[in-house]
Every structure is written in C-alpha cells, then in structure tokens.
1. Say the dipole of the stretch 176-271 comes from +1 at the beta carbon of Lys and Arg and -1 at that of Asp and Glu; which of Ala235, Leu218, Phe266 then lies farthest toward its positive end?
2. For Tyr479, Tyr537, give me the order by solvent-accessible area with a 1.4 Å probe, most accessible first, ignoring ligands, DNA and RNA.
3. Using a Förster radius of 25 Å, what is the FRET efficiency between Ser516 and Val433 based on their Cβ-Cβ separation? Nearest 0.05, please.
4. Counting only other residues whose beta carbon sits under 10 Å from that of Arg542, what net charge do I get with K and R as +1, D and E as -1?
5. Among His449, His589, what's the order by accessible area (1.4 angstrom probe), most exposed first?
6. So if R0 is 35 Å, what FRET efficiency would Ala626 and Glu550 give, r being the distance between their Cβ atoms, rounded to the nearest 0.05?
7. What full-extension length gain, to one decimal in nm, is calculated for Ala410 and Asp264 as 0.36 nm per residue of separation minus the Cα-Cα distance?
8. When the expected Rg is taken as 2.2 N^0.38 Å, what fraction or multiple of it is the alpha-carbon Rg of the stretch 364-505?
Amino acid sequence: MKPNTTQRIQFSLIYLLVAAVVLSLLQSWLLAPRTIEIPMSKFLELVRENKIESVSLTEREIAGRAKQGALPEPPAARADRLRRLMGSEEDIRRFTATRIPGVDDARLVAELEAHHVEFSGRIENTLWRDLLFGWVIPLALMIGIWMLIMRRVGGGATQALSFGRSKAKIYDRKELKTTFLDVAGVDEAKAELVEVVDFLKNPKKYQRLGGRIPKGVLLVGPPGTGKTLLARAVAGEADVPFFSMSGSEFVEMFVGVGASRVRDLFEQAKGKAPCIVFIDELDAVGKSRVGSMGFVGGHDEREQTLNQLLAEMDGFDSSKGVILMAATNRPEVLDQALLRPGRFDRQIVVDKPDLKGREAILRLHARSVVLAPALDLGAIAQRTPGFAGADLANIVNEAALLAARKGKDAVETADFEEAIDREVAGLEKRSRVLSEKERDIVAHHEMGHALVASSASHADPVHKVTIIPRGVAALGMTYQLPTEDRFLMTQSELEDRIAVMLGGRVAEELVYGEVSTGAHNDFERASELARLMVMKYGMSERLGLVTFGERAPSFLRAPAPTWGSEHPYSEETARVIDEEVRLIIERIHERVRGILTAKKATLIAAAVELKRTETLEGERLRRLLAGEPVEGSR
C-alpha cells in the first residue's frame, strides 16, 4: 500500500504545481496593461501634439505611455470580456513603435526635450534569446534527428549505446502454448527431447546418480521439417522461458558487437534459469574457421562471435538449468569445435517424414479444417513423398482456400489433389493457349512417359496424366505415385527412372519423325541422375568403385557445377565420366525406343483420348495404357 500512496501523492503534487504555473501565467497575461503598436509617424505626431507622457528608448523600439484618450481604440479582442470580468479594464495608454534604422537619435532627443517628454534609455538583455535560438533550439533539433535515425535503424533511441545488447526474443511461460501435441511426424526426435524436458522439470532425478544433461542440443535437418517448432515445444512442455535468436542477428559490421551480444544473451539466460536458449540458423555464426582451400582465417567479426560462443558454452553449467538448443540445415559447414562433446553433446536429425508421419502431420494441420467424410488423408500422404512438414501444412491451407473459393461446404479429395499439383508444378495456365499441333505433340510426349512407366518393372505406377500447362514452362505433366517410401535405389530402378524421363522424346521421334524442345527438362534430370550413377554411386565398370567431385550438402540441394569450375580429378577422368554418362543415356534410349515401337498403336490411341479430355487418371488411364477399349473414346 505504501508505494501506491507515495505514487499518488507525487502525482498530485506535480499536478498542483503545473496548475499553479498555468494559473499564474494566465493571471499575469490578463492583468497586465494592454499595449498598442503604432507607426513611427503617429508617435512623432503625438509628441508634437504634447500627448506623450514618457518614453523608453531601445535599439529596436520605442515604448511609452500616452496621455488619456490620445491613442486610437484597437479592434475588439476575444479576451476583452474576460479582462472586464477580472476587473482589469482601463484606458489604453501604453504603446510601442518600431524605430527606423539609420535615423540619428539626436534629433529625436531634441524633439522630446522641446515638448517636455520624460525619456530614458534601456539596454535590451538578449542573453536568453541568444541562448534559446543559438544553442537550445539547434541542439534540440540535432538530438531529435539523431533519435529519429536511431529509432529507424535499431528500434530505439538508445540503440547507438546498446549495439552489444542481445536481440533475443524472450517468450515467457504464459506465452508458450506449443507442446509436443502440436508436433507430428518426428517421433524419434521427440523421444530424444523428452529427456531434456524431464531434466528441466526434475533435475535432481539425474543429478542424484551423478549424471548431467547435455549442454547443447543441435537439431539438423532439411528446411521446413519443424526444428524451430520442436524447440518451442520443448520449452512449452517444460514450462520454462524461451530465448529465441537467429544466428545472423549476432553478426554486425562492427567488430566485437556479436561477441558482446553472445555474452549478454547468456547473462540474461542465467538470470532466468531454468530456461532454453535457441539459436536458429547456427551456420550463420558457427561456420568453420578453415576456408574451403584449407586456409585459416576470414571474417573477423564472425570469428570473434564464434570464439565467444565457444567460451560461453564452456563457461556455463547445464546443471543450473540453462540448455542451449540450435538448428541448422548445413551441419557440414559448422566448425568442429562446436560439435565436440561438452558443447553440442547431442545431435538430433529432424528428417522429412515417412508415410505414417505425413499422415499424422496432415491430420494435425487439418484439425481446424472441415473435411468431407469420404476424404482419405492416408491417400493424400501417399501422394506426397519427400514433402516436409511445412509443405504439408501449405497443402492443407491451399486445399481449404480452393474449397472456399468454389463455395463448397467441406474440403474434398479433388481440392487436395489440386493443392498438391500447385505445390509440385505451379498454378494452372489455362490462359496459355496452345496451337492444335502443339497440343498434339504434348499429348504424345506425356503418353510416352506414361507408357514407359507402365511397362518398366521398377518404375512407380502412373497416377495421372495431363496436358494443362502449369507454372513457368510445364506444358503437361505425368504424375507417378510411389507405392512406398524408398531409402535405397538399385541400378535397375535408377535406369528405369531415366527410361521414363526419355519416354517423351522417343514418342515424338516415333510419331513425327522429328523432335521438339519439350524434352529439355527431361534431359537435364536424366543426365544428372546418370552422372550421379557414374560419379557417386560407383555404377560404372570403367571407373570402378570410386567417387568423384566434392561432397554434396546433407540437406540442401547443391547447385549445378558451372562451366570452367575446377574438378578434383584429371581431364582424362573427366572425359571418361562424360563417355560413361553418354553410354548410359544411349543404352536406355534404345531400350525405350523398343518399348514404344511395340506399343505405338496404344500410344497414338491414348494420346488422342488425352487430347480430348486434357486429363486422364484412375481406371480410365490404366485401361488406356493396357491397350483396352474405353467408353466414350474415339
């Protein structure tokens, strides 16, 4: 009660002081004698008519008192009525006149003496005016501009003085509502993190036997698999504060700022223990200090920040309840000092979900979506191999938006199919009008892919074929539906994949006797896969069981090598690699030509039906690929 009473008393005193000052200023303004400004000619006229009692001369003006009734009546003012109520109404006898520059004072003094006017001189005190306009206002203006710039740059007026402060977002217990119930498809990772949660809730259970919790937990995996969500779920389950910061926020152009922020982050965390400190995109600050060419050194600011992070991880005790979690999708570039035991003791792989995990993720994100009773999320999960959790969440949202756009009461299978097609190939381009010849070529091209896929023993079954343009360059698509998740591929399976890719070009060769540019993407993917067979998978008899080229990133797609880039092998080896890749492609090309030559009639009939309907799927597509008659076909 005492602090509240004191605060009320202080507020009342300040309020009374402000009111007294305002009342004093108002009273002095109302009770002060009114002054009228007159021109210099009028002043001289009043002097010669003996209507001036006294004057005071300054450098800029003449102020004085006239005799009663000498001055003209000024226009009525709004404050006159208030003055009359206050009892300050009187005849206006005070005046001011601005002096004319360059006029000699001797004549004016003689004029005043001749008419017996009392006069005096007054030196103006300009100290406060000079101080106000010369120093206070300019300084205030500069400080205001500085504060505005600092607020724009860093979010606060004191940003220039707090570059070294941590920018971590702090989530209190009440703000963290994410739990393991909001995470699906990563059961193994959740099981590993349950121990961390249990330690934060009951540390004595582990300390009793002399065990210690890992200081750091590193989550590694492809983008969109839920690494940040997992970290938030751990904090939510343990009911502890959560410090979240991106690795890029440590690095500034000023050397030493990142290291200072690391120190400040750990100081804040120790003050709120038990808690979790989460650093996203750790590779931004934890990249190896050894360059790609083996040289040590590089970015001074990043290295200082990394060194400070290493020192802080050595200096804090996990038994106090501060656990460091980090996430990255580039573990291969991290400094080895970060990954040694005693720092990031535990590395947990958060990989893309399998079939069961994808179905669980779809059900999780579809909790708030109205689904049609006949919708099978298991079938949707089967259609999305290789999709991460973020991709599946986007598919559920897109399907709901599509259903709402069409005015449906529930989200149906067709909406999910369309959402998957959008995710894989882009938006439909029905406005892209193809000529009759182009539609004919695309129909035979896509049916060539489908026929080879249905004929190859190790190819995935064909789910749908369409000639509706999508995305930037796709004029048609052939969708294959894997029967199960695959983690290993045999040489026969890889060759069948290449065969399906070449089926479109071979169909054009057989039907038209010439080729088009429509197969360029097929060639890119077929050449890439054949090159991997030769360079990475040891599937070339001439080159043997040797790999060539640099190691590819674990979770990110490596960019294609550029022309003129150096290779860690000889020119002769490079020539042999090119020859082996070409031999694989040519051998499979001849095989595909044999398949489609034997089924040319089926190819032409199926292409005619595809051209008529634009999309084929399900039982109708299966019967066409098998060469069986279909109702309604021509």
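The values are calculated or read from the model by the stated rules, or taken from the named source; none is laboratory data. All of these numbers come straight from a predicted model, not from anything done at the bench. FYI the Cβ positions are ideal-geometry reconstructions off the backbone, even for glycines, and counts take in every protein chain you see. Quick note on the areas: whole protein, heavy atoms, side chains included, nothing else; ligands and nucleic acids left out. Shrake-Rupley method; radii C 1.70, N 1.55, O 1.52, S 1.80 Å.
1. The one lying farthest along the dipole's positive direction is Phe266.
2. Solvent-accessible surface, decreasing: Tyr537, Tyr479.
3. Once rounded, the FRET efficiency stands at 0.90.
4. With Lys, Arg at +1 and Asp, Glu at -1, the net is -3.
5. His589, His449
6. 0.15
7. Value of the extension gain: 47.5 nm.
8. Relative to the rule-of-thumb radius for its length, the stretch 364-505 sits at 1.16.
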